[in-house]
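Here is the structure we will look at.
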Amino acid sequence: MSLLTPTDKVVEPSNQLSYRVIRSSRKTLAVYVYPSGEIVVRSPKQCSDFEIRRHVQSRERWITKTLTAFLEMPGQLNLSYETGEAHAYLGELYPLLLATGKTRQAAIKEDKFQVCVRPGDETAHIKTTLVNWYRQQATAVFSRRLDFCYKAFSHVDVKKPKLKCRLMKARWGSCSSEGDVTLNLELIKHPIHVIDYVITHELCHLIEFNHSARFYELMVQAIPTWKQSKADLEKGVFLYGSF
Ligand SMILES: [Zn+2]
């Protein structure tokens, strides 16, 4: 893995790019560029090294542009909503593929985040279309994960909370004195185990309102590996960026 620092030279299109290949039962080739400077090619099993190399070469301009952009903005990723930019869903990154059509819609198809906007639409419309899609998924996923996480509390006298989801700037979740749990929509970009960690944190607050020793005992009982999930959440913020 190559870690770029601002003093490194920007890769010129004529240079050989080094990348990691992950072969799987997928149908298409896709290149991913990460803020760390790492380039990953996801490839169908039968693709030859030559075909992969040729595909990387055909994407070289975009790769170089993306690497340069990452170099220029250390710290948290700023999303630009341009074709090729990686957007996260449940901990996986998908390159954005923009198209125009009659209706605004979004979907993950063939390992791409396919977003259709109307002719003449601006970045704000792309963003709103994506956020609406995320919100739909989040409503279903968060509700399923709450059902799952609540099972660990079945022996405690605590009512299953009502769930809300909204974009929040400074927190991942909160719980009200009435016992409602609100989750940050941004969480849907993170893996399931990270979502479970945040939900469980809020469920523990229904029993222990403060971050007391008893609170952390409850956390360990419900999710023994919660510290790793917390670390993954923090890492994800850097990798996925926010709306
Ligand atoms: Zn808390």
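So the values come out like this:
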read-out	value
Selected from Lys230, Lys169, Lys189 as most flexible by GNM, with the chain as the system and alpha-carbon contacts under 10 Å	Lys169
The chain: angle of helix 226-240 to the longest principal axis, Cα-based, in degrees nearest 10	40 degrees
Whole-number percent relative contact order across segment 86-132, with pairs defined as alpha carbons under 8 Å at least 6 apart	30 percent
Low-density loop cleavage sites - trypsin sites (Lys or Arg not before Pro) in segment 94-165, where at most 11 other Cβ are within 10 Å (DSSP)	Lys102, Lys159
Relative contact order, percent, segment 134-235 [alpha-carbon distance under 8 Å, six or more residues apart]	25 percent
Normalised contact order of the chain, rounded percent, pairs of Cα under 8 Å and 6 or more residues apart	15 percent
Cα pair count fraction exceeding 31 Å, expressed as % - the chain	34 percent
Unsatisfied cross-links (Cα-Cα over 29 Å) in the set Lys65/Lys164; Lys109/Lys235; Lys27/Lys164; Lys102/Lys169; Lys159/Lys227; Lys65/Lys102	Lys65/Lys164; Lys27/Lys164; Lys102/Lys169; Lys65/Lys102
Of Val220, Val56, Val117, the one that fluctuates the most in a GNM where the chain has Cα springs shorter than 10 Å	Val220
The chain - share of DSSP beta bridges that are antiparallel (%, nearest 5)	50 percent
Carbon and sulfur %, accessible surface of segment 86-132 computed with the full protein complex present, 1.4 Å	48 percent
Calculated P(r) of segment 119-174 - Cα pairs past 15 Å, %	64 percent
Extension gain from Ile108 to Glu82, taking 0.36 nm per residue of separation minus the Cα-Cα distance	7.8 nm
Gain upon complete extension [Phe50, Asn132; 0.36 nm per residue less C-alpha separation]	25.5 nm
Which of His205, His125 is most accessible, then next, and so on - probe 1.4 Å	His125, His205
Dipole magnitude of the chain, debye to nearest 20 (Cβ charges: Lys/Arg +1, Asp/Glu -1, about Cα centre)	640 debye
Heavy-atom accessible area ranking, 1.4 Å probe, most first, across Cys116, Cys204	Cys116, Cys204
Computed over segment 137-240, Cα set: Rg, Dmax in Å	12.7, 38
Cβ-Cβ FRET estimate between Ser18 and Glu217, R0 fixed at 35 Å, reported to 0.05	0.15
Segment 158-225: chymotrypsin sites (Phe, Trp or Tyr not before Pro) falling in loop per DSSP and having at most 14 other Cβ within 10 Å	Phe209
Accessible surface, the chain, averaged per residue in Å² (probe 1.4 Å)	57 Å²
Estimated 222 nm signal from helices in the chain, with DSSP H stretches of n ≥ 4 weighted -39500 (n - 2.57), rounded to 500	-12000 deg cm²/dmol
Listed residues Ala140, Thr103, Gly120: farthest to the positive end of the dipole of the chain (Cβ charges)	Thr103
Most to least accessible of Ile223, Ile188, Ile22 (protein chains only, probe 1.4 Å)	Ile22, Ile223, Ile188
Among Ala152, Ala170, Ala140: highest mean-square fluctuation, GNM of the chain, C-alpha pairs under 10 Å	Ala170
Charge dipole magnitude, Cβ of K and R +1, D and E -1 - segment 163-240, Cα centre, debye nearest 20	260 debye
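The values are calculated or read from the model by the stated rules, or taken from the named source; none is laboratory data. Worth saying up front: this structure is predicted, and the values here are computed from it rather than measured. Because the Cβ atoms are built from the backbone with ideal geometry, glycine has one as well, and the counts that use them run over all protein chains shown. Heavy atoms of the whole protein, side chains included, go into the accessibility calculation; ligands, DNA and RNA do not. Shrake-Rupley method; radii C 1.70, N 1.55, O 1.52, S 1.80 Å.
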